[in-house]
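Beneath this line is the structure, given in structure tokens, with notes to follow.
The values are calculated or read from the model by the stated rules, or taken from the named source; none is laboratory data. Computed from a prediction, not measured in an experiment: that's the story for all the values here. Cβ coordinates were reconstructed from backbone atoms using ideal geometry, including for glycine residues, and neighbour counts include every protein chain displayed.
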Amino acid sequence: MTLTDPQIERYSRQIIVPRVGGRAQRRLLAARTVISADAADIEAPLAYLVGAGVGRIELDRGAPDFKIDEIAATMRALNPDSAVAAFAADDSSRAPDLVFAIVGSAASQSSARALCAKLSDVPCIVARLDSPALIGVFPAPSPCAFCSDAVLTKPYGERSPQAGVVAMAATAEVFKLLAGYDAVPRAALIEFDGFASRVREPVRNLNCACAGQSA
């Protein structure tokens, strides 16, 4: 894929960022991503990814008020390079490059667990918006979001006051993984204490089904 002159102009501010450049922008435009989230939590992260030029973003339909057609129309006006549609679970032509799960309620946690189980071989990023908030980055099959510190299995608690900040921080991690920002991406847990954060390596559970897969 060759970037057109309008695309170079549209994405110029991120193309000039060190370790992004034209190659990363081409990766973003070719990427297919699936997002699971509550309607109330998806607008800002989705607008960020559409504006960045992620080529295809599929939304896992959740609650009845999740109006994908309306969301898709709004995002199409923001950037015609990015297609937003409902998740095509039966599309076997190409696996998604990434699953992005924003866990902002018990219902969205249930949806995220089902989606990540269905796409267990796909890299994923999970944002927990309850307290203490955290982001799990899982670029390889093992460790996974199910066995690492109960990222997907711990019951959902009280919503964090920093939920919006954490969701956007996770969106930045999605950008980095899709763009190939790190040559060898590593699994990580980003834990928040208020607005302060610390990063540590997640623990692999050898009893998890993912443990037999290569990291």
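Structure notes:
One line per residue, one yes/no per condition, for (1) at pLDDT 95 or above; (2) over 21 Å from F87 (Cβ atoms):
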position: K118; (1), (2): no, no
position: V122; (1), (2): no, no
position: V126; (1), (2): yes, no
position: G136; (1), (2): yes, no
position: A140; (1), (2): no, yes
position: C144; (1), (2): no, no
position: V151; (1), (2): no, no
position: A172; (1), (2): yes, yes
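- Selected residue (only one of S120, S108 is of a type in the set (S, T, Y), surrounded by 19 or more Cβ atoms within 10 Å (Cβ to Cβ) and either touching a residue at least 12 places away in the same chain (Cβ under 8 Å) or in contact with a strand residue (DSSP E or B) (Cβ under 8 Å, 6 or more places away or on another chain) (or both)): S108
- Test result for A88, more than 20 Å from E173 (Cβ to Cβ) and surrounded by fewer than 20 Cβ atoms within 10 Å (Cβ to Cβ): yes
- Selection from the stretch 90-116 of residues that are in a strand (DSSP E or B) and not small (G, A, S): L98, V99, F100, I102, V103
- None of V174, V184 is at negative phi and free of Cβ contacts under 8 Å to residues at least 12 places away in the same chain except V184.
- Some residue of the stretch 165-181 being part of a loop (DSSP other than H, G, I, E, B) and either within 17 Å of the chain's Cα centre (by Cα) or charged (D, E, K, R) (or both): yes
- Those residues of the stretch 164-203 which are among the charged types (D, E, K, R) and buried (at least 16 other Cβ atoms within 10 Å of the Cβ), in sequence order: E173, K176, E191
- The criterion of at least 2 residues that are in contact (Cβ under 8 Å) with a residue 24 or more places away in the chain and within 18 Å of the chain's Cα centre (by Cα) is met, among helices (runs of 4 or more DSSP H) falling completely within the stretch 1-89, by 21-30, 39-52, 68-78.
- Flag for P155 being in contact (Cβ under 8 Å) with a residue 24 or more places away in the chain, part of a loop (DSSP other than H, G, I, E, B), more than 14 Å from the chain's Cα centre (by Cα) and crowded, with 23+ Cβ neighbours inside 10 Å: no
- The set of residues in the stretch 123-147 that are of a type in the set (G, A, S) and either surrounded by fewer than 24 Cβ atoms within 10 Å (Cβ to Cβ) or within 13 Å of the chain's Cα centre (by Cα) (or both) comprises A127, S131, G136, A140, S142, A145.
- Identity of the residue in the stretch 185-215, modelled with pLDDT of 90 or more and in a loop (DSSP other than H, G, I, E, B), that ends up farthest from G21 (Cα to Cα): E201
- When each of R19, R13 is tested for being in contact with a Phe, Trp or Tyr (Cβ under 7 Å, 6 or more places away or on another chain), more than 21 Å from L129 (Cα to Cα) and loosely packed, with under 14 Cβ neighbours inside 10 Å, the lone residue that passes is R19.
- Selection within the stretch 28-73 - in contact with a Gly (Cβ under 6 Å, 6 or more places away or on another chain) and either modelled with pLDDT under 95 or surrounded by fewer than 20 Cβ atoms within 10 Å (Cβ to Cβ) (or both): L29, A30, D38, D41
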